[in-house]
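Beneath this line is the structure, given in C-alpha cells, with notes to follow.
The values are calculated or read from the model by the stated rules, or taken from the named source; none is laboratory data. Since the model is a prediction, treat every value here as computed from it, not as a measurement. All Cβ positions, even for glycine, are placed from backbone atoms using ideal geometry, and neighbour counts span all protein chains on display. For the accessible areas, the whole protein counts, side chains as well, though only heavy atoms, and no ligand, DNA or RNA atoms are used. Shrake-Rupley method; radii C 1.70, N 1.55, O 1.52, S 1.80 Å.
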Amino acid sequence: MNFRKGKGRDDPEINLIPFIDVLLVIVIFLMVTTSYSKFTALQITLPTADADKAVVQPQEINVAVSPQGQYAVNNVQVSSKDAASLALDLKNAVQADGAKGDPVVIINADAMATHQTVINVLEAARLAGFDKITFAAQTSGHK
C-alpha cells in the first residue's frame, strides 16, 4: 500500500547553502585573526666582552682507534686492550709532555672501529681523571 500520491520516492536533496555560509564565516575569522598577528621581538642589547683569547692552548692527547681494536696514543701504538692499561698510557703521555693543566683527550676512531673500543677510551679517560673529551671527525668531502 502506497499512500503517497505521485511516482514513488523523492530523491533526497543536500542543501549546500548552510555549508557555504559556515565556510565563509571560518574564512572571515581566519582572515581577521591573521591580520592582527604580528611578530614581536624583544629589543635587547647584548653584552660585550673585551677579553683576549686564551693564549695557552690546552694539552691534547690524541687517541687513535683502528678497526682492529688497536690503540695509538699521540701517534705511538700501545699494546693496551682494556681501559685500565689504556688509562696508564694516557697518564704516561701527559707526564711525557710535561704540560700543566687539564688535557683534552681527542678520540680519532676509525669508522669501522667497534663501539666497545671507543667506550674503552672513554672509560680510560675517566680512570685517568681527564674530563675533557672530544671526538675528531672529517667532513664527507675529505678522505
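Observations on the structure shown:
- Looking only at residues of segment 105-127 that are open to solvent by 50 Å² or more (accessible area, probe 1.4 Å) and outside any helix (DSSP H, G or I), we find that the one that is farthest from residue 138 (Cα to Cα) is 114.
- Within segment 7-31, the set of residues being surrounded by 10 or more Cβ atoms within 10 Å (Cβ to Cβ) and either modelled with pLDDT under 90 or touching a Lys or Arg at 6+ places or on another chain (Cβ under 9 Å) (or both) comprises 29, 30.
- One residue stands out among those in segment 92-104 that are over 14 Å from residue 80 (Cβ atoms) and either assigned to a helix (DSSP H, G or I) or touching a helix residue (DSSP H, G or I) at 6+ places or on another chain (Cβ under 8 Å) (or both): the one that is most open to solvent (accessible area, probe 1.4 Å), which is 95.
- Per-region count, segment 46-82, residues of a type outside the set (Val, Ile, Thr), assigned to a strand (DSSP E or B), in contact with a strand residue (DSSP E or B) (Cβ under 7 Å, 6 or more places away or on another chain) and farther than 15 Å from residue 128 by Cα: 3
- For segment 83-91, the condition of being part of a loop (DSSP other than H, G, I, E, B) and either surrounded by 15 or more Cβ atoms within 10 Å (Cβ to Cβ) or at pLDDT below 80 (or both) holds for none of the residues.
- Extreme residue, modelled with the lowest pLDDT, among residues of segment 92-113 that are of a type in the set (D, E, K, R) and in contact with a strand residue (DSSP E or B) (Cβ under 9 Å, 6 or more places away or on another chain): 97
- When we screen 77, 57 for residues that are modelled with pLDDT under 85, out of contact with any Cys (no Cβ under 6 Å at 6 or more places or on another chain), open to solvent by 90 Å² or more (accessible area, probe 1.4 Å) and farther than 14 Å from residue 120 by Cα, the only hit is 57.
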